[in-house]
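What follows is a single structure, written as structure tokens, with notes after it.
The values are calculated or read from the model by the stated rules, or taken from the named source; none is laboratory data. Since we're looking at a predicted model, the values are computed, not measured. No Cβ is skipped: glycine too gets one built from the backbone with ideal geometry, and neighbour counts run over all protein chains shown. Surface accessibility is based on the protein's heavy atoms, side chains included, excluding ligands, DNA and RNA. Shrake-Rupley method; radii C 1.70, N 1.55, O 1.52, S 1.80 Å.
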Amino acid sequence: MSSGIVVGLHGHHVVVETPSGERVICHARGKKSQCVVGDRVQWQASKDEGTIEKLEPRRNLLYRQDDIRSKQFAANLDQVLFVLAAEPVFSESQLARALISCEAVKIKPIIVLNKADLTIPFNEAMERLAPYKRMGYEVMGLAIKPKAEVDSALVQAKQDMAREALMQLLTGKTTFVMGASGVGKSSLINLLLPEADLATREISTALNSGKHTTTTTSWFWLDESKKSAIIDSPGFQEFGLHHVDKMLLAKLMPDFAQYDGQCRFYNCKHLQEPQCAVLANVSDEEVDTAISPSRHAFYARVFEELSQSKF
Ligand SMILES: Nc1nc2c(ncn2[C@@H]2O[C@H](COP(=O)(O)OP(=O)(O)OP(=O)(O)O)[C@@H](O)[C@H]2O)c(=O)[nH]1
Ligand SMILES: [Mg+2]
Ligand SMILES: [Zn+2]
């Protein structure tokens with residue numbers, strides 16, 4: 001048996017990369033759905049293909065649980081780049097849900113706001129991210145593939161800056177790139193690895209056709225020594241948290257978690273209880289100690305959703 005890493009899932013088979021860099025198509029004895037990109041496996045050669053014999057224990061597994069289906073993103077990750085863009089206008093609920101799902105499995109999320117060249121919507125989006133910066137998340141503004149400007153030297157300079165800033169974050173780590181369709185996830189990987197030559201699409205086309213440009217999750221090495229890896233993934237809309245225990249929700253939201261254990265009741269739901277430290281700090285003030293009313297409304301909505309949950 002040989003070892004390998006799952007670098008892609010295609011139809012009914014799994015693509016496994018060997019330590020020498022060879023990619024082998026493997027079949028998974030009816031257990032295909034159990035393998036995800038990033039998995040370490042043991043496989044056995046059979047003719048020119050292979051069979052997955054064993055799935056090694058995972059360090060972690062990032063997933064979401066929608067109403068009826070569970071979607072496993074990838075395993076054995078160090079961090080998630082959650083990519084947003086000036087356009088299309090981002091959904092704060094989707095961002096907040098993705099952050100909770102990362103916290104739930106203790107994977108560090110970093111927020112990237114792309115399309116800095118679209119100045120006005122970019123600044124508006126950055127403004128909306130202010131509460132997330134205050135609660136301690138790293139927010140990086142980038143122009144990954146700025147629209148052609150008259151001054152092409154300027155475009156080049158912006159891209160060089162974006163590449164450098166990203167490489168600092170990514171070196172030595174396995175990073176999963178996540179976000180809605182059209183935000184620039186594949187453009188980001190193309191910037192770092194021009195030879196990957198991933199398909200990217202004009203946003204208008206993507207939105208009108210309702211299609212996603214990227215349809216599978218794929219693993220790429222960023223360096224020859226294979227210490228740094230980046231994973232591209234298809235955009236998504238829904239982001240269910242049905243796998244999260246509702247009583248743990250507040251612990252997974254840093255602005256709420258700072259008051260952990262400070263409510264009168266140990267099992268406080270932070271909805272309407274007396275002497276609730278969370279409710280006492282819901283305010284519009286732009287300070288680290290405040291929980292914004294919209295974040296509390298979001299919390300109450302998800303709490304209610306999880307109370308109805310069958311999971
Ligand atoms: N104006 C501007 N457009 C950008 C920038 N970066 C990427 N784009 C454009 O955004 C569009 C979508 O980019 P993709 O990389 O395909 O987006 P994606 O997140 O991979 O989308 P899916 O694969 O559908 O999930 C493309 O037309 C890119 O050219 C940027 O910095 N500025
Ligand atoms: Mg893509
Ligand atoms: Zn409380």
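Return the residues of the range 177-213 that are on the phi < 0 side of the Ramachandran plot, touching a Ser or Thr at 6+ places or on another chain (Cβ under 8 Å), at pLDDT 85 or above and within 10 Å of ligand 2 (Cβ to nearest atom); say none if nothing qualifies.
If the condition is that a residue be on the phi < 0 side of the Ramachandran plot, touching a Ser or Thr at 6+ places or on another chain (Cβ under 8 Å), at pLDDT 85 or above and within 10 Å of ligand 2 (Cβ to nearest atom), then VAL177, SER181, LYS185, SER186, SER187, ASN190 are the ones that fit.
Run ALA297 past the list (1) part of a loop (DSSP other than H, G, I, E, B); (2) within 20 Å of GLU238 (Cα to Cα) and report the number of the one that doesn't hold.
It fails just one condition, (1).
Output the number of residues of the range 111-129 satisfying the condition of being part of a helix (DSSP H, G or I) and either within 18 Å of ALA98 (Cβ to Cβ) or touching a strand residue (DSSP E or B) at 6+ places or on another chain (Cβ under 8 Å) (or both). So that I can check it myself, show each step before the final result.
Initially, the range 111-129 is screened for residues part of a helix (DSSP H, G or I), giving 119-128.
Now drop any that are not either within 18 Å of ALA98 (Cβ to Cβ) or touching a strand residue (DSSP E or B) at 6+ places or on another chain (Cβ under 8 Å) (or both), which leaves 122, 125-126, 128.
Residues meeting the conditions: 4.
Could you look through the range 259-306, keep only residues that are polar (S, T, N, Q) and touching a residue at least 40 places away in the same chain (Cβ under 8 Å), and pick out the one that is farthest from LEU241 (Cα to Cα)? Explain how you work it out, then say what you get.
Initially, the range 259-306 is screened for residues polar (S, T, N, Q), giving 262, 267, 272, 275, 281, 283, 289, 292, 294.
Going one step further and asking which of them are touching a residue at least 40 places away in the same chain (Cβ under 8 Å), we end up with 292, 294.
On the way: SER292: 21, SER294: 18 Å.
Checked the range 259-306; the qualifying residue farthest from LEU241 (Cα to Cα) is SER292.
Of all residues in the range 1-55, count the ones that are farther than 19 Å from ASP232 by Cα, part of a loop (DSSP other than H, G, I, E, B) and free of Cβ contacts under 8 Å to residues at least 40 places away in the same chain.
11
Filter the range 141-158 down to the residues that are outside any helix (DSSP H, G or I) and open to solvent by less than 30 Å² (accessible area, probe 1.4 Å), then identify the one that is farthest from ligand 1 (Cβ to nearest atom).
Step one: list which residues in the range 141-158 are outside any helix (DSSP H, G or I), which gives 141-151.
From the residues that got through so far, the ones that are open to solvent by less than 30 Å² (accessible area, probe 1.4 Å) too are 142-144, 146.
Working: LEU142: 7, ALA143: 4, ILE144: 4, PRO146: 5 Å.
Filtering first and then ranking leaves LEU142.
Report whether or not PRO121 is within 15 Å of ligand 1 (Cβ to nearest atom) and open to solvent by 60 Å² or more (accessible area, probe 1.4 Å).
Working: within 15 Å of ligand 1 (Cβ to nearest atom): yes; open to solvent by 60 Å² or more (accessible area, probe 1.4 Å): no.
Considered against the rule, which asks whether it is within 15 Å of ligand 1 (Cβ to nearest atom) and open to solvent by 60 Å² or more (accessible area, probe 1.4 Å), PRO121 comes out as no.
Condition (residue is among the β-branched types (Val, Ile, Thr), over 23 Å from ALA104 (Cβ atoms) and modelled with pLDDT of 95 or more) applied to the range 289-296: is it met by at least one residue?
Checking the range 289-296: at least one residue is among the β-branched types (Val, Ile, Thr), over 23 Å from ALA104 (Cβ atoms) and modelled with pLDDT of 95 or more.
Return yes when LYS133 is within 16 Å of ligand 2 (Cβ to nearest atom), open to solvent by 30 Å² or more (accessible area, probe 1.4 Å) and at pLDDT 90 or above and no when it is not. Show your work before the answer.
Working: within 16 Å of ligand 2 (Cβ to nearest atom): no; open to solvent by 30 Å² or more (accessible area, probe 1.4 Å): yes; at pLDDT 90 or above: yes.
Taking the combined requirement at face value, the residue does not satisfy it.
Just give me the residues in the range 4-45 being among the hydroxyl-bearing types (Ser, Thr, Tyr) and under 17 Å from LEU61 (Cα atoms), in sequence order.
Filtering the range 4-45 down to residues among the hydroxyl-bearing types (Ser, Thr, Tyr) leaves 18, 20, 33.
Hit for the range 4-45 is SER33, nothing else.
Sort through SER181, SER225, SER233, SER218 and tell me the only one that's open to solvent by less than 20 Å² (accessible area, probe 1.4 Å) and polar (S, T, N, Q). I'd like the intermediate steps shown before the answer.
Details: SER181 fails: open to solvent by less than 20 Å² (accessible area, probe 1.4 Å); SER225 fails: open to solvent by less than 20 Å² (accessible area, probe 1.4 Å); SER218 fails: open to solvent by less than 20 Å² (accessible area, probe 1.4 Å).
It is SER233.
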